[in-house]
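So the structure is just underneath, and the comments pick up after that.
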Amino acid sequence: MSKVLSISVAAYNAADCLDKCIASLTDNSVLDKLEIIIVNDGSKDETASLGRKYQAEFPDSVVFIDKENGGHGSTINASLQVATGKYYKIVDSDDWVEKAGIENLVAALEQSEADLVLNSFYTVDEQSGKKTYKSVFDTEKAPTAAKTLADIKDSYNPVMHGSTFKTELLRKCHLKIDEHCFYVDNELMLYPLPYVETVKVLNFPVYDYLLGSVNQSVSMKSMIKNRAQHVQVVEKVSKYYTNQVTDPAVREIYLRLLRKILNKQYQIFFTMDNKQAKPELLAFEEYLAKEAPEIYRQIPEFIGRKGKVISFNRKTGYKFYDATLTLLKPLMK
């Protein structure tokens, strides 16, 4: 039977959580229509042994890839090379899916030819276990009648947990994600957008996204530690926007996510030690001014109160960076 949905599971030292993830993907009535691609990313624990066990237990549905460590992006690249499903979705190894959600999603995908299929999802607090319903739209009611990006441009927020792409579209755009790098889910969501012609909006949650670990790459402590990788992603998606994005609807959606990651980037700079941050900030601004001038000009508007610091320092050549940041930092909270 041809597969409806390929699911890429990035697994790095995931022995303590992979059972829950894979159980959620196999304990359902649509397993025969799923291709679950477990990519062991050079783990040092028992992840590889678990991956081989799942492949042996579900030979018609589980594909196991064992590779050297290359980061989350490398697992996407590896799984996309072998994916045979009509659609393609990412599920992180510490997350899981709703049984009814995955069954309903597969049923919808069987009937769909849309390039991009959108769902709501849950966030799950790691400490309390509390689940919170999340939409990929700013509006209270999902625009389920939407058929194109133009129909959702005013409210759609690109997020991996609520997105499923047609596999052939990802190959059409020659998707290649940065390796040895965090934060590449932004690349996954942004690079295909100019190629998306049709969308389908479903009104039920599929994905459970675990939040709350201080070790997550999205914690500020981790983001400061890995800031060079965040800069790399922001610079690349900004340049891609400048060179590749022309459609007005795509531009609006793209900028909505870009604003968020630019805000996070300047928050990183402003949270760091001033002397350490200043040369990195100047190099970042110089890159954007050269490679993505439209984005560079709009940054003070994009980043809210932090934009006051940037506007003043641009005018004064960053001569008073320490002083202005000290004075204005209380206003940026």
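With a requirement of 3 or more residues that are more than 24 Å from the chain's Cα centre (by Cα), none of the strands (runs of 3 or more DSSP E) lying completely within the stretch 1-79 satisfies it.
Annotation note: of D60, D41, D32, D115, the sole residue that is touching a His at 6+ places or on another chain (Cβ under 9 Å) and over 21 Å from D208 (Cα atoms) is D41. For the stretch 309-328, filtered to residues that are β-branched (V, I, T) and in a helix (DSSP H, G or I), the residue that is modelled with the highest pLDDT is I310. Across the stretch 291-308, the qualifying residues are those that are at pLDDT below 90 and in a helix (DSSP H, G or I), and the one among them that is farthest from K239 (Cα to Cα) is K308. Residues that are within 17 Å of the chain's Cα centre (by Cα) and β-branched (V, I, T) occur at least once in the stretch 212-219. Condition (residue is of a type outside the set (K, R), within 25 Å of Y296 (Cα to Cα) and free of Cβ contacts under 8 Å to residues at least 12 places away in the same chain) applied to the stretch 227-235: is it met by at least one residue? Taking every residue of the stretch 227-235 in turn, at least one turns out to be of a type outside the set (K, R), within 25 Å of Y296 (Cα to Cα) and free of Cβ contacts under 8 Å to residues at least 12 places away in the same chain. Restricted to the stretch 257-293, and to residues there that are among the polar types (S, T, N, Q) and under 19 Å from V184 (Cβ atoms), the residue that is surrounded by the most Cβ atoms within 10 Å (Cβ to Cβ) is Q265. Can we say I76 is touching a Gly at 6+ places or on another chain (Cβ under 8 Å), closer than 21 Å to S163 by Cβ and in the same structural domain as V159 (by TED's automatic domain parsing)? No: the conditions fail for I76. Among the residues of the stretch 84-108, those identified as touching a Phe, Trp or Tyr at 6+ places or on another chain (Cβ under 7 Å) and part of a helix (DSSP H, G or I) are G101, N104.
Flag: V234 does not match the condition of being modelled with pLDDT of 95 or more, assigned by TED's automatic domain parsing to the domain that holds I152 and in contact with a Leu (Cβ under 7 Å, 6 or more places away or on another chain). Based on this model, can you work out whether P158 counts as in a loop (DSSP other than H, G, I, E, B), touching a residue at least 12 places away in the same chain (Cβ under 8 Å), surrounded by 21 or more Cβ atoms within 10 Å (Cβ to Cβ) and not hydroxyl-bearing (S, T, Y)? Yes.
Can you confirm whether the stretch 272-280 contains a residue that is in contact with a helix residue (DSSP H, G or I) (Cβ under 8 Å, 6 or more places away or on another chain), modelled with pLDDT of 95 or more and under 23 Å from C181 (Cβ atoms)? Within the stretch 272-280, one or more residues are in contact with a helix residue (DSSP H, G or I) (Cβ under 8 Å, 6 or more places away or on another chain), modelled with pLDDT of 95 or more and under 23 Å from C181 (Cβ atoms).
Residue-by-condition table, conditions (1) at pLDDT below 95; (2) in a loop (DSSP other than H, G, I, E, B):
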| position | (1), (2) |
| --- | --- |
| E179 | no, yes |
| F182 | yes, yes |
| M189 | no, no |
| E197 | no, yes |
| V201 | no, no |
| P205 | no, no |
| D208 | no, no |
| V214 | yes, yes |
| V218 | yes, yes |
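Within the stretch 88-107, the residues that satisfy the criterion of being surrounded by fewer than 18 Cβ atoms within 10 Å (Cβ to Cβ) and aliphatic (A, V, I, L, M) are A100, A107. Close Cβ contacts (under 6 Å, 6 or more residues apart or on different chains) running from residues in the stretch 112-141 that are surrounded by fewer than 18 Cβ atoms within 10 Å (Cβ to Cβ) to residues that are part of a loop (DSSP other than H, G, I, E, B) and not polar (S, T, N, Q) comprise D125/G212; E126/G212; Q127/G212.
The values are calculated or read from the model by the stated rules, or taken from the named source; none is laboratory data. These numbers come from a predicted model, not from an experiment. Because the Cβ atoms are built from the backbone with ideal geometry, glycine has one as well, and the counts that use them run over all protein chains shown.
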